Amino acid sequence: MASFSNQDCYLRDEKLSSDPHVEHDAITEDCKGGDNVPTVAQKSGLSQIAQQVHLPAKRHVRLPVEVWEKVIDILACEFPSYCDLWKYGVVCRDWYPRCQFHVRRSVPIGTKQHVYRLTKSMKVMRQRTSPMKHVTFLGLNITPLGPFAASMAHKLPEIEELTLRGSTWISGPLHENTFMYIHVTFRQITRLVLDSITLPNLTTLGRLIYSLPSLSSLSCCRLYLRTRKFVSGTVYPRPDFGLKLLALSHIGADILEFFYTILLASKVEQLALDNLVGSGSNLCAVLEKLMGMAQASLTHFTFSYFNGILSWEEHPLNLAVASKMRVITLMLGSDEFAKSSGWIAEFLSRAFPSTLHEVKIIIWRYLPSGAETEALLKALNSEENDYARVDQVLSEARYPAIKSVIFELDMRAKPSVETVSSDAWSEFISTRFPKLQTQGVIEAGVNEPYKWTDTPRRVVPIARSPLHSMLSQTLHSMGYLALLLSASLLRPILGVRAQAQDQYGQGQHVLQPAQKEFASQTLEDTKIRYVLDSGVCETTPGVSQMSGYVDIGANMSMWFWFFESRNQPETAPFTLWLNGGPGCSSMIALLQENGPCFVNPDNSTTYINPYSWNNISNMIYIDQPIGSGFSYGTIDVNSTFSAAPEIWKAFQILFESDEFEKYQSREFIFATESYGGHYGPGFVTYFDEQNAKITNGTIEGELINISALMINNGWFDPLIQNKAYVDFAKYAPGYGQLQNDTVIEQVTRAFYEPEGCQAQLIDCSKAGNSSESNTICKDADDYCLDKVLTPSLGDRNEYDLRQKAPGYFPPSYYERFLQDPVVMKRIGAEVEYQQCSDVVEAEFGKTGDDARSLLPELSVLANSGLKLLIWAGDADINCNWIGCHASVLAMDWYGNETLHNTPFVEMMIHGRTIGAIQNVDNFTFARIYEAGHEVPAFQPEASLEIFSQVIKMEPLHSVP
């Protein structure tokens, strides 16, 4: 007899009482060993078990886990339509949800319990949830959406569709962060279906839509709003938003107006409308505005004219605003068609004639009985029909591009009901539209009769395309609109997802960009090697890029990636971005914060960042010191000041080269973060010293004139900022006390006690640059890190206190992307990418560089009149804003007293408060609300606006 443990699984009928177990020894023996789907030889025994799912049973079937898994596989294979399988799985180790996920591609979620069950089951057995492609929220409210998004962050890479149906959006405790969680969890979603849901307001609708960056299909049916008032500035349009299909059913003019206001339809190619609600004149006016917004992209327009809802006589819709219209589809009931052929002619006469390729008219009718068939024939033969006028309009010379006029008869008939034959329909159409028949553009089609259902089916064959696949998944949810959508897409359009799949050449032949080279005429062993316009990341037409290496010496290759400004590159400033560490790659900022693109959850494709800093500046990102990111070779730096000459040397060759010479005279913005609190003051100070030597003739070289220095969440002064760890743990403004009293007492003691963190850092400062200073400073840094910072973090993410360690946002998809050999080859990378170098960090650690203050250098720069911005996300713990602010208050410069007496003023962008600022002459400090360590990742629009004001040399200020 087979032995069973407490992990055995049971197959039972829910309604029956517990009876003795029946053990199936032979089947158990047949299926032992392995998790694969059973072979044909094994199937016979397992099928007997599978069949028992369908039969009333007065006993339980007891099976080991591995056998139960195979039963599930058999059921999924032999009974794919049997969706109640999960009801029988009252089993161990969460098999209830696993059974459900295995059979269903669509996962319904109605309660928080479903969320927790899903989370747990994914941890137990990931492969059982792999078929999931569609998540649906059902029920009375959508409260679980926030917890679901938060718990599923980075766990659902294959989900393609999100549906909210029959639900009410209730603002819960997670409401303020819900859209950030949705953005992280569902950023790969391409289809969003909103069906019969109630929302608090239009702002919620807009923020939900724009939190899905990959969205290309939006279907809305019966949206209800508690309040219809929309406050301008609460929803921010995304210039890169690539919505291709917009399908609206039972929607009023207010929502259409809202979509126009938030620029939703600017790139829409397919617009489908069904049963719009409201007066004809208002709807037409808003529709024309919406179509005018999409005039450069709109090619397909589908419309269902039911019950005379739209009064075209008062305000006929003018389709001429869509200058690229190619296909128009109209769908009418047979009775409406009988009365509306004159209106159809008027409607079509307003299409833009030079581009219209196809007109399709669908006439439909339910045929539950022979009487309805007779009514159909009567309607088609009615004298009210003005077929001649339609024939005249569509055959006129003003339609030079028209290729086909299609009349489709769609009969939803029971099998026993007689229907119109295809030949009869073709003959009928050819005789009613003789001019079109003569031109050879007319087509007639009849849907084959099919089994009676309440939902129309798609009957016209459509060439398969990525966008079509996307559309076909949403048709079932939109009722009549489903038929409209399917009927209109006779010409396949390339979808966004398909472009992404072949974005960098996987599966197709791609020409590798040629590598170029420039050798310095003045510096030995110095040259640049780069690839021009690789096509990776920055895909904006006409925007150039370069990526490659600056060889600053023998076996010393420093990686750079340059992007031309998207706007006026010939006059735009030049900006250097450096990440911190020490030893961390600047590709972090490029692909997580402010670069031209971000990486999708598939780790292999990218999408455009609308708030990229190269919107307004030429940008260069450099991995330094050697050993960071893609840089490689001899590592010979161990401090901020020993690293400065290498980055200076890199710019000597860059500005000497033909490619970069033109940028030397531009405004040069030095932007950095984190350990950039050391790099920024140290490097700019070194640049100024070298400039002075070049000017007085001591050395020869290229001048590097920094016009502005930006440092966000910087590490400036270890004594001040380690104290800030203690203060921040006690009370983080806006977030409260971060750690319990016991931990706070512990870190307070570790900082203030004799031989504690404060005392050791003071000893480090006194040691200066003496021979023993390295050991003193290293010991101080190690002690403070271990005794003050680490316990003050607790289980929080050190870069965003709102997240638990290790954190999930911003996501790290870019790491595997940069390690892809195809991507590496295209951009010219020669070694495997590493985000941060332990070797570099260890070298800096040997000198205790982290424990040394750069405030003296920062003070000198502030006194020099250099434009200086110190800004910090207020949710960061590591380089928290309290420590950053205390550091700048300690600067020794002419504006110190004024800064102390300058109150914070809130900064607003388009009506939204994004932070608090202090301006004193050339200096600005800014606290950025609701942002972590990487400010541009959390507040992209605000960061771009702040960057713009720095470029203009303006004090930070609000923008109406």
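The values are calculated or read from the model by the stated rules, or taken from the named source; none is laboratory data. Source: prediction; values computed, not measured. We place every Cβ from the backbone using ideal geometry, glycine too, and count neighbours over all the protein chains shown. Ligands, DNA and RNA are excluded from the accessible area calculation, which covers all protein heavy atoms including side chains. Shrake-Rupley method; radii C 1.70, N 1.55, O 1.52, S 1.80 Å.
Accessible surface of GLU841, taken over heavy atoms with a 1.4 Å probe and every protein chain present, rounds to 100 Å².
Judged by the ratio a/c of the largest to the smallest principal axis of the C-alpha gyration tensor, the range 831-960 counts as oblate, that ratio being 1.5 or greater while a/b is no larger than b/c. Determine the share of the range 807-960's accessible area contributed by carbon and sulfur atoms, expressed in whole percent, with a 1.4 angstrom probe. In the range 807-960, the share of accessible area belonging to carbon and sulfur is 53 percent. Take the Cα of GLU700, step 7 Å toward its Cβ, do the same at VAL905, and the gap between the two points is 5.0 nm. How many percent of the accessible area of the range 668-802 is carbon or sulfur, using a 1.4 Å probe? Exposed carbon and sulfur together represent 48 percent of the surface.
Calculated accessible area for the range 600-733 comes out at 28 Å² per residue, all protein chains present (probe 1.4 Å; ligands, DNA, RNA ignored). Placing dummy labels 7 Å off each Cα toward the beta-carbon, the span from GLN568 to ASP838 is 4.9 nm. For ILE946, the accessible area of its heavy atoms, probed at 1.4 Å with every protein chain present, is near 0 square angstrom.
Here the gap between THR742 and ASP533, fully extended at 0.36 nm per residue and compared with their Cα-Cα distance, gives a gain of 69.6 nm. In this view, the solvent-accessible surface of LYS267, computed with a 1.4 Å probe and all protein chains in place, comes to about 80 Å².
For the listed residue pairs LYS527/LYS867; LYS787/LYS846; LYS516/LYS649; LYS289/LYS324; LYS133/LYS289, the alpha carbons are over 27 angstrom apart in LYS527/LYS867; LYS133/LYS289. A cut-off of 5 Å between modelled amide H atoms, ignoring neighbours fewer than 5 places along the same chain, links GLY580 with GLU673, TYR675, GLY676. Rounded to whole numbers, the Karplus 3J(HN,Hα) couplings from phi for the range 716-727 are 9, 9, x, 5, 5, 7, 6, 4, 5, 4, 5, 5 Hz, using 6.51 cos²θ - 1.76 cosθ + 1.60 with θ = phi - 60°, and x at Gly and Pro.
What the phi angles of the range 203-209 give under the Karplus curve with 6.51, -1.76 and 1.60, with θ = phi - 60°, is a coupling list of 4, 4, 4, x, 5, 4, 4 Hz, glycine and proline written as x.
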